[in-house]
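Student: I have a structure I would like to understand better, so I am pasting it below and will then ask my questions one at a time.
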Amino acid sequence: QVHLVESGGDLVQPGGSLRLSCEVFGIVVDIDAMGWYRQAPGKERELVSRIMNDGTTYYADSVKGRFTISRDNTRNTVYLQMHSLNREDTARYYCNVQAQTTRSTPLKTYWGQGTQVTVPS
């Protein structure tokens, strides 16, 4: 059984920084994409950033230059370093990974429970 555990969410003042972590637990033989989505109240869930197994990264325009995604494949962990946070970054942040549990099964998408980031106005 694969499950994801996120941490690092908090209340932070505008201009502050946070680092989110997401560790993948369970038996996996390969993890392809690892990423972060967020969902603010009344809004749809949106992709914030993603990092592929080859290191290729993607960032939403709203976070470019402020957020940095990285991964540690030895720990099956993905990180999201966030700087210059503002109230528009307030949301629940969800970890998302695509992983294989055996070599004969296709990649499957897994979600974490989310971690709350709050930036007061």
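The values are calculated or read from the model by the stated rules, or taken from the named source; none is laboratory data. Fair warning: this is a prediction, and the values are worked out from it, not measured in the lab. Positions of Cβ are backbone-derived with ideal geometry, glycine not excepted, and every protein chain shown enters the neighbour counts. These area figures cover heavy atoms from the full protein model, side chains too; ligands, DNA and RNA do not enter into them. Shrake-Rupley method; radii C 1.70, N 1.55, O 1.52, S 1.80 Å.
Student: Can you find a residue in segment 81-103 that is open to solvent by less than 50 Å² (accessible area, probe 1.4 Å), closer than 17 Å to Cys22 by Cβ, assigned to a loop (DSSP other than H, G, I, E, B) and not small (Gly, Ala, Ser)?
Tutor: No, segment 81-103 contains no residue that is open to solvent by less than 50 Å² (accessible area, probe 1.4 Å), closer than 17 Å to Cys22 by Cβ, assigned to a loop (DSSP other than H, G, I, E, B) and not small (Gly, Ala, Ser).
Student: Right, Phe67: surrounded by 18 or more Cβ atoms within 10 Å (Cβ to Cβ) and aromatic (Phe, Trp, Tyr) or not? Even if it seems obvious, please write down each step before you answer.
Tutor: Working: surrounded by 18 or more Cβ atoms within 10 Å (Cβ to Cβ): yes; aromatic (Phe, Trp, Tyr): yes.
Yes: the conditions hold for Phe67.
Student: Just one of the numbered conditions (1) without any contact (Cβ under 8 Å) to a residue 60 or more places away in the chain; (2) not in a strand (DSSP E or B) is not true of Ile69; which one?
Tutor: (2)
Student: How about segment 32-78: which of its residues are within 14 Å of the chain's Cα centre (by Cα) and hydrophobic (A, V, I, L, M, F, W, C)?
Tutor: Looking only at segment 32-78, we keep the residues that are within 14 Å of the chain's Cα centre (by Cα), and these are 32-39, 45-52, 57-60, 63, 67-72, 76-78.
Hits for segment 32-78 are Ala33, Met34, Trp36, Leu47, Val48, Ile51, Met52, Ala60, Val63, Phe67, Ile69, Val78.
Student: Ok, one more. Restrict the check to segment 36-53 and report whether at least one residue is outside any strand (DSSP E or B), of a type in the set (Gly, Ala, Ser) and either open to solvent by 40 Å² or more (accessible area, probe 1.4 Å) or within 16 Å of Val119 (Cα to Cα) (or both). Break it down into steps so the answer makes sense when it comes.
Tutor: Of segment 36-53, the ones outside any strand (DSSP E or B) are 40-45, 52-53.
Of the ones still in play, those that are also of a type in the set (Gly, Ala, Ser) are 40, 42.
The next check asks that each one be either open to solvent by 40 Å² or more (accessible area, probe 1.4 Å) or within 16 Å of Val119 (Cα to Cα) (or both); those that pass are 40, 42.
Yes.
Student: Starting from segment 41-52, keep only residues that are under 17 Å from Thr77 (Cα atoms), then list their pairs with residues that are of a type in the set (D, E, K, R) and at pLDDT 95 or above whose Cβ atoms are within a distance under 6 Å, requiring at least 6 positions of separation or different chains.
Tutor: Going by the 6 Å Cβ cut-off, the qualifying pairs are Val48/Arg38; Ile51/Arg71.
Student: Moving on to the next point. Do we find a residue being open to solvent by 70 Å² or more (accessible area, probe 1.4 Å) and among the small types (Gly, Ala, Ser) anywhere in segment 19-31?
Tutor: First, the residues of segment 19-31 that are open to solvent by 70 Å² or more (accessible area, probe 1.4 Å): 19, 23, 25, 27.
Imposing the further condition that a residue be among the small types (Gly, Ala, Ser) reduces the set to none.
So far as segment 19-31 goes, no, none of its residues is open to solvent by 70 Å² or more (accessible area, probe 1.4 Å) and among the small types (Gly, Ala, Ser).
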